[in-house]
1. For region B:1-9, check the following and say yes or no: at least one residue is of a type in the set (D, E, K, R) and either closer than 15 Å to A:LYS16 by Cβ or out of contact with any strand residue (DSSP E or B) (no Cβ under 6 Å at 6 or more places or on another chain) (or both).
2. Considering (1) over 28 Å from C:VAL53 (Cβ atoms); (2) more than 14 Å from chain B (Cβ to nearest Cβ); (3) not small (Gly, Ala, Ser), say which one A:VAL36 fails and leave the rest.
3. Looking for whichever is closer than 29 Å to C:LYS208 by Cα and in contact with a Leu (Cβ under 7 Å, 6 or more places away or on another chain) here; the options are C:ALA72, C:ALA57. Which one fits?
4. Can you tell me how many residues within region A:91-108 are among the hydrophobic types (A, V, I, L, M, F, W, C) and part of a helix (DSSP H, G or I)?
5. Residues that are surrounded by 17 or more Cβ atoms within 10 Å (Cβ to Cβ) and of a type in the set (Lys, Arg): find the strands (runs of 3 or more DSSP E) completely inside region C:208-312 holding 1 or more of those.
6. State all residues of region B:1-34 that are within 7 Å of chain A (Cβ to nearest Cβ) and among the hydrophobic types (A, V, I, L, M, F, W, C); if no residue qualifies, say none.
7. Quick check on region C:281-314: of everything there that is out of contact with any Leu (no Cβ under 7 Å at 6 or more places or on another chain) and polar (S, T, N, Q), which residue is nearest to C:ARG242 (Cα to Cα)?
8. Given the criterion more than 14 Å from every other protein chain (Cβ to nearest Cβ), free of Cβ contacts under 8 Å to residues at least 60 places away in the same chain and in contact with a strand residue (DSSP E or B) (Cβ under 7 Å, 6 or more places away or on another chain), identify the matching residue among A:THR99, A:THR153, A:THR145.
Amino acid sequence: MELNEIIRPENKVYAKPRLMNSNHMHYCPGCSHGVVHKLVAEVLEEMGQEETAIGITPVGCAVFAYNYIDIDWIEAAHGRAPAIASAVKRLQPDKLVFTYQGDGDLAAIGTAETIHAANRGENIAIIFINNAIYGMTGGQMAPTTLLGQKTATTPYGRRVDLNGYPLSIAPILAGLDGTCYVTRQSVHTPAAVRKAKAAIRKAFENSLAGRGCSLVEVVSTCNSGWKLSPAEANRWMIENMFPKYPLGDLKNV
Amino acid sequence: MAKIQGAVTVNEERCKGCDLCVVACPCDVLALQPKEVNNRGYHFAYMARPERCTGCTSCAMVCPDACIEVYRVKVE
Amino acid sequence: MSEEVKLLKGNEAIALAAIRYGCDGYFGYPITPQSEVLETLMEQQPWDTTGMVVLQAESEVAAINMVYAGAACGKVVFTSSSSPGVSLMQEGISYIAAAELPALIVNVQRGGPGLGTIQPSQADYFQATKGGGHGDYHLIVLAPSSVQEMVDFVGLAWDLAFKYRTPAMILADGVIGQMMEKVTLPPQRRRRTMEELIKQCPWAVTGKKGRDKNICTSLELESDKMEIINNRLQSTYRDIARHEKRYEAYNVEGADYLIVAFGSIARICRKSIDIARERGLRIGLIRPITLWPFPSEAVAQAARGTKGVLTVEINAGQMIEDVRQAINDRAMPIEHYGRLGGMVPDPEEVLDALNRLLINPTK
């Protein structure tokens with residue numbers, strides 16, 4: 001069969017979700033953010049919630065998520081997204097409210113807001129991109145940076161005596177009574193993408209149903225910050241990130 | 001026996017040539033343009049061996065820029 | 001609820017007024033001397049009556065960002081704090097101003113700097129009127145000098161904030177927050193329905209039903225666009241300065257000296273003026289009600305023909321800079337008297353200062 005016979009609207013089985021617009025994304029080639037953005041758009045579309053969804057963008061690479069996904073957004077000050085989401089959900093309880101944050105935003109400057117929003121059982125979903133580095137500012141150490149990992153501010157590798165230990169957020173949130181769902185996912189293979197999408201959907205459903213706070217951590221790559229090709233970054237993530245941040249559900253009640 | 005035949009289109013201007021689709025493809029269909037680049041200077045992905053495509057969507061799923069559309073037909 | 005007369009603390013009055021003005025949400029963190037605002041709201045449980053949300057946040061930083069969120073949703077929201085807490089909120093206030101959102105921040109000032117004291121102060125005048133946070137912005141700053149004004153300014157602040165899409169601040173102090181007076185509470189104003197809110201605030205983040213998406217952000221990386229946003233803000237500030245200056249004049253006709261004082265200390269200065277009148281000395285008072293925009297023309301006009309101007313502030317001399325600029329006359333003696341560290345001057349002390357600094361200055 002000729003290609004032009006296959007490439008017809010009736011045969012289409014996969015396309016960019018409608019909620020993701022055609023704006024060129026500013027992310028580096030191969031960045032995990034793009035995949036997760038796509039999943040957010042797909043899930044909202046499939047749930048039919050584009051008119052009720054309110055997203056909170058962080059400070060960091062994902063600050064411009066609002067330029068790519070066509071729903072209502074609030075851009076937060078650095079680290080404050082969970083506080084903002086808390087207020088939005090309390091003032092508009094019928095909305096699907098989620099934050100989209102990186103590791104610096106969520107696990108360093110915004111640790112207090114993250115823990116307290118989760119502990120209050122705010123009916124929000126938190127999507128947490130953990131790529132163990134500050135992307136937007138040029139690859140500095142994040143709280144989640146691994147021991148020995150080289151960054152712009154740990155040029156000889158992260159050292160315990162200088163920088164302390166990598167911070168694992170998901171188990172902390174899983175231990176709080178206010179969370180209903182805490183999971184770690186990744187988006188480096190088609191199978192992982194499918195699972196991550198199901199996790200985001202569950203978190204969004206929890207927000208709508210008022211079941212409590214959900215955390216979907218996506219262990220991700222920052223190939224620019226890691227100074228690897230996208231494919232090499234995926235391999236590095238499997239070898240180094242997954243042992244410290246193992247995938248799977250930590251809590252699902 | 002019915003055979004599945006697939007094809008993909010790549011939004012060449014949106015593609016950043018990250019190579020993740022090429023790696024994800026189980027049938028070795030895709031490659032990056034060796035010479036040609038888009039307006040942003042990226043060697044975009046294309047179907048180098050279209051006859052092998054099964055339309056499994058692996059490439060599209062891992063594509064960070066949502067530039068791949070997948071088509072699939074059953075050939076009797 | 002209809003109009004009601006009550007004996008209330010300033011802080012309690014703020015809380016009850018907010019409910020009656022149809023507030024949608026309060027977000028705050030305890031700090032002396034204003035904790036009664038949150039306490040009163042929690043005691044009132046307005047979520048059961050008007051549907052108002054009340055949340056004790058984990059910090060002032062979280063609280064102001066919750067206010068930013070509520071304002072982005074087009075809701076009538078506020079927070080209250082005292083000086084150190086308001087310092088923590090400055091980043092968030094800058095974001096609210098930059099995103100052109102209406103909100104109310106109540107600062108029941110205490111003495112600083114640092115952790116300072118829990119006693120009253122007016123030392124946050126600069127912070128409130130000159131921006132406070134980063135960037136070129138202003139707040140509408142209202143300075144109540146009675147518990148009744150604590151009530152009235154809650155409604156006024158929201159009306160102005162929504163009219164100009166800009167944050168407003170009630171700059172009170174520990175005296176007004178803690179003292180009790182008879183006040184008239186307004187009748188209950190109904191909270192807006194979602195339909196009314198969307199009509200009033202088409203920019204609000206409410207889910208993109210039947211329209212394109214709304215984005216609330218203060219970020220713009222392209223300088224030419226950021227300049228346009230800044231110019232729009234400045235144009236709003238010019239409008240506010242043209243239309244919203246408020247002040248109270250007392251005894252200014254034919255006065256020999258003029259006192260300029262705001263908030264709690266203005267009450268004390270009125271007493272000083274009454275005492276002086278009995279002694280045959282004519283002193284006028286201009287009490288700026290809006291500290292920003294500052295009622296410069298009123299101050300300049302009242303100063304004309306007097307022999308000198310005294311600003312009395314519970315700080316080391318902050319508003320005096322605006323008074324000097326307003327009068328703009330090097331020949332006019334303009335002095336400041338204030339107490340620090342939580343000390344509040346009494347009426348005789350003010351008269352002594354006037355005598356020492358202006359009437360019989362020691363050379």
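The values are calculated or read from the model by the stated rules, or taken from the named source; none is laboratory data. Keep in mind the model is a prediction, meaning the values are calculated, not measured. When we count neighbours, we look across all protein chains shown, and the Cβ atoms used for this are built from the backbone with ideal geometry, even at glycine.
1. No - not one qualifying residue is present in region B:1-9.
2. Among (1) over 28 Å from C:VAL53 (Cβ atoms); (2) more than 14 Å from chain B (Cβ to nearest Cβ); (3) not small (Gly, Ala, Ser), A:VAL36 violates only (2).
3. Of the residues listed, the single one that is closer than 29 Å to C:LYS208 by Cα and in contact with a Leu (Cβ under 7 Å, 6 or more places away or on another chain) is C:ALA72.
4. Of all residues in region A:91-108, those among the hydrophobic types (A, V, I, L, M, F, W, C) come to A:91, A:96-98, A:106-108.
Now narrow it down to the ones that are part of a helix (DSSP H, G or I): A:91, A:106-108.
Final tally of qualifying residues: 4.
5. On the way: elements: C:247-250, C:257-260, C:283-288, C:290-292, C:308-312.
Where strands (runs of 3 or more DSSP E) fall fully within region C:208-312 and carry at least 1 residues being surrounded by 17 or more Cβ atoms within 10 Å (Cβ to Cβ) and of a type in the set (Lys, Arg), they are C:283-288.
6. Hits for region B:1-34 are B:ALA7, B:CYS18, B:LEU20, B:VAL23, B:ALA24.
7. C:SER296
8. Exactly one residue qualifies, and that residue is A:THR153.
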